Amino acid sequence: MSFDRYGSDVLSSATPAPVPHRRRPVSRPQPAERGLVVEDVETGWVGAVVRVEKSGGMHVVVLEDRARRTRTFPLGPGFWVDGEPVELTAPVTSTAPVAPTRTASGSRAVANVRARVARSSRIWVEGKHDAELVEKVWGDDLRIEGVVVELLDGVDNLAEALKDFSPTAERKVGVLVDHLVPGSKETRLVAEALKGVRPGTVMVLGHPYVDVWQAVRPERIGLDAWPVIERGTEWKRGILRELGWPAAEQADVARGWQRILGTVRTYADLEPSLLGRVEELIDFVTAD
């Protein structure tokens, strides 16, 4: 039998039966683990948890949205997760080391796997800074795949290096070149170097940046965009001066790069135009 909460006679003076009311949902505790996507009820801000920290004597949670903007909120109630109210709490920390689930490149981490014996195929990069950046982000992947990254010391040496290496279908070369854009010196040198090379044995890919430094997202060092350095000025030292960092000696350039490299944690700190090129080169030299 259905229940008529209004009674059988709307004109009756009898006291109506009490109307059942829906209970409001109760917030459940939710540890603010890194990567958890939450919504702040008051502002509508949606973002992933970046970190939980103490500020002004209270715990706060830092959220990052899809545009990589961050906002800070007090830890506690007032959030939604998957459409349900939650009270964010500080994540439970453990003294035991936790194995990472992803490498810096975003690949699934594989535990207890020995590095593969080096392949005969190689990836060449133009200089030390390029090699250090590739190692920091893709190093774990490259060791598992058995890929060695070697320095080319400038695209000017590409033709001679290819001649000495004599690439084949089983011994391929992937080359990462700076500033590989139409009309550039680099584009001309690459075209000359590839003359006579057997198809399918060499892949040359490049990014549009003057130097690999620019492949690091400028926000990582507090910039909206990388400064434009006028012609005739050594680019790296010009950048250091724009940043207000020491730039008088080569040692200053080395220290400046280490500061920039130190801000790179994962692939998300690099520009997509570099990420795609490196991934393509890895696929090329590891394809059977």
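The values are calculated or read from the model by the stated rules, or taken from the named source; none is laboratory data. For clarity, every value in this text was computed on a predicted model and none was experimentally measured. Neighbour counts are summed over all protein chains in view; Cβ atoms, including those assigned to glycine, are modelled from backbone coordinates with ideal geometry. What goes into the accessible areas is simple: the full protein's heavy atoms, side chains included, and nothing from ligands, DNA or RNA. Shrake-Rupley method; radii C 1.70, N 1.55, O 1.52, S 1.80 Å.
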| task | Evaluate the following for VAL49: is it modelled with pLDDT of 50 or more and open to solvent by less than 100 Å² (accessible area, probe 1.4 Å)? | result | yes
| said: Looking at the range 131-151, can you tell me whether even one residue there is closer than 25 Å to TRP235 by Cβ and out of contact with any helix residue (DSSP H, G or I) (no Cβ under 9 Å at 6 or more places or on another chain)? | reply: yes
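Determine, yes or no, whether ASP269 is over 30 Å from SER120 (Cβ atoms), among the acidic types (Asp, Glu) and open to solvent by less than 30 Å² (accessible area, probe 1.4 Å).
Numbers: over 30 Å from SER120 (Cβ atoms): yes; among the acidic types (Asp, Glu): yes; open to solvent by less than 30 Å² (accessible area, probe 1.4 Å): yes.
Answer is yes for this residue.
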| Qualifying positions in the range 177-210 - in a helix (DSSP H, G or I), open to solvent by 40 Å² or more (accessible area, probe 1.4 Å) and among the β-branched types (Val, Ile, Thr) | THR187
| Residues that are in contact (Cβ under 8 Å) with a residue 60 or more places away in the chain and open to solvent by less than 30 Å² (accessible area, probe 1.4 Å), drawn from the range 215-239 | ALA215, VAL216
| Complete set of residues in the range 154-192 that are among the hydrophobic types (A, V, I, L, M, F, W, C) and touching a strand residue (DSSP E or B) at 6+ places or on another chain (Cβ under 8 Å) | VAL155, LEU158, ALA161, LEU162, PHE165, VAL173, VAL175, LEU176, VAL177, LEU180, VAL181, VAL190
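Look through VAL202, VAL285, VAL181 and report the one residue that is of a type in the set (Val, Ile, Thr), more than 15 Å from ASP130 (Cα to Cα) and touching a residue at least 60 places away in the same chain (Cβ under 8 Å).
VAL285
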| Conditions (1) touching a residue at least 60 places away in the same chain (Cβ under 8 Å); (2) in contact with a His (Cβ under 6 Å, 6 or more places away or on another chain); number of the one not met by VAL173 | (2)
| the range 80-120: number of residues that are of a type outside the set (Val, Ile, Thr), out of contact with any Asp or Glu (no Cβ under 8 Å at 6 or more places or on another chain) and either modelled with pLDDT of 80 or more or farther than 27 Å from THR263 by Cα (or both) | 10
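State the number of residues belonging to the range 165-176 that are among the aliphatic types (A, V, I, L, M), more than 14 Å from PRO208 (Cα to Cα) and crowded, with 20+ Cβ neighbours inside 10 Å. If you could, list the steps in order and put the result at the bottom.
Keep residues of the range 165-176 that are among the aliphatic types (A, V, I, L, M), which gives 169, 173, 175-176.
Checking the rest, the ones that are also more than 14 Å from PRO208 (Cα to Cα) come to 169, 173, 175.
Checking the rest, the ones that are also crowded, with 20+ Cβ neighbours inside 10 Å come to 173, 175.
So the count comes out to 2.
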| message | Let me confirm something: among ARG259, ARG237, ARG277, which residue is in a helix (DSSP H, G or I), basic (Lys, Arg), in contact with a strand residue (DSSP E or B) (Cβ under 7 Å, 6 or more places away or on another chain) and within 20 Å of GLY127 (Cα to Cα)? | response | ARG277
| message | Being within 22 Å of THR70 (Cβ to Cβ) and free of Cβ contacts under 8 Å to residues at least 40 places away in the same chain is the requirement here; does PRO246 meet it? | response | no
